[in-house]
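Written below as structure tokens is the structure these notes are about.
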């Protein structure tokens, strides 16, 4: 009699076994690529490759097998893109960076399935962490994410990359050194997904200032050295004087009172989704996301993204 693990899977059975891992594979690919859209493409390619190779899969738990395929899909994609950062000074130098909706990070694994290898906490999904990962060579990035984020064993990581355990460990040490140089020490006070009282207050104040067109109020909650970037655009605005100039344009006579902002969260950070009613229009249309980094009771950084991912955040195109 043929062992149960050798019985060919039907397409329906195979799809059912892969579905529980789709979300975590998406987060994994997002960490590797820093782009929500590119991660979506990578997951689709992962499932296609897995489907084509399903007869070679003999395991009971497909997670490690799917992660190996997903990692190599991302490595192939990074080779095609031929992009790598050196020493970026701001997110303006990471034009492919996109936000990730917290709603997807908070989705619960289906009943009966084992939980994610490591909870999606703030430190491993924050924009600064994503940007720092992009500095690493692709294979170092892969082994760092597998070992230090997902907590996978050394042998599994070596198999994932088709290399020896010694080579994988060497790459991991280099990656750890690089990440320590670029990121502050672990912030143990961060929670996985809850917004702190200070963050809620500042986000509410940010929304009120923008909807009322109050430049003074917007500046009052901002750090003196606040930084504003707008990936994929290359410009970086530094300090309250440059922020004031931006506010003057955003709150100009034709736009004053025409903003509506909705609170949300991206990358475990307080975020405002902005809708703008253009002159002569009858509705407010999706315009941008502002992802806020809070430090010392002030808004220290604003990363502004376009409206392309409003559907992924469950937000309507108009208000």
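Quick one: residue 315 ticks every box in (1) surrounded by 16 or more Cβ atoms within 10 Å (Cβ to Cβ); (2) out of contact with any strand residue (DSSP E or B) (no Cβ under 8 Å at 6 or more places or on another chain) bar one, so which box is it?
Looking at each condition in turn, residue 315 falls short on (2).
Take the residues in the stretch 83-126 that are touching a strand residue (DSSP E or B) at 6+ places or on another chain (Cβ under 6 Å) and modelled with pLDDT under 95, then tell me which one is surrounded by the fewest Cβ atoms within 10 Å (Cβ to Cβ).
Ranking the qualifying residues of the stretch 83-126, first place goes to 90.
What helices (runs of 4 or more DSSP H), lying completely within the stretch 125-165, carry at least 3 residues that are without any contact (Cβ under 8 Å) to a residue 40 or more places away in the chain? Let's see the steps before the verdict.
Working: elements: 127-135, 138-144, 154-161.
Filter on the stretch 125-165 gives 138-144, 154-161.
Taking only the stretch 218-239 into account, find how many residues are crowded, with 16+ Cβ neighbours inside 10 Å, within 18 Å of residue 203 (Cα to Cα) and without any contact (Cβ under 8 Å) to a residue 40 or more places away in the chain.
Selection size over the stretch 218-239: 2.
Please specify each residue of the stretch 252-268 satisfying the condition of being touching a strand residue (DSSP E or B) at 6+ places or on another chain (Cβ under 8 Å) and either buried (at least 20 other Cβ atoms within 10 Å of the Cβ) or at pLDDT 95 or above (or both). I'd like the intermediate steps shown before the answer.
Kept after step one, since they are touching a strand residue (DSSP E or B) at 6+ places or on another chain (Cβ under 8 Å), are these residues of the stretch 252-268: 255, 258-267.
Those that are touching a strand residue (DSSP E or B) at 6+ places or on another chain (Cβ under 8 Å) and either buried (at least 20 other Cβ atoms within 10 Å of the Cβ) or at pLDDT 95 or above (or both): 259, 260, 261, 262, 263, 264, 265, 266, 267.
For the subset of the stretch 272-294 comprising residues that are more than 19 Å from residue 209 (Cα to Cα) and out of contact with any strand residue (DSSP E or B) (no Cβ under 7 Å at 6 or more places or on another chain), which member is surrounded by the most Cβ atoms within 10 Å (Cβ to Cβ)?
Looking at the filtered set, the residue picked out is 281.
State all residues of the stretch 13-56 that are in a loop (DSSP other than H, G, I, E, B) and either surrounded by 15 or more Cβ atoms within 10 Å (Cβ to Cβ) or free of Cβ contacts under 8 Å to residues at least 12 places away in the same chain (or both); if no residue qualifies, say none.
Those that are in a loop (DSSP other than H, G, I, E, B) and either surrounded by 15 or more Cβ atoms within 10 Å (Cβ to Cβ) or free of Cβ contacts under 8 Å to residues at least 12 places away in the same chain (or both): 34, 35.
Give 17, 63, 80 a once-over and let me know the one that is over 30 Å from residue 310 (Cβ atoms), modelled with pLDDT of 80 or more and out of contact with any strand residue (DSSP E or B) (no Cβ under 8 Å at 6 or more places or on another chain).
The conditions single out 63.
The values are calculated or read from the model by the stated rules, or taken from the named source; none is laboratory data. As the structure is a computational prediction, the values presented were derived from the model and not from experiment. Heads up, the Cβs are rebuilt from the backbone with ideal geometry, glycines too, and the neighbour counts pull from every protein chain shown.
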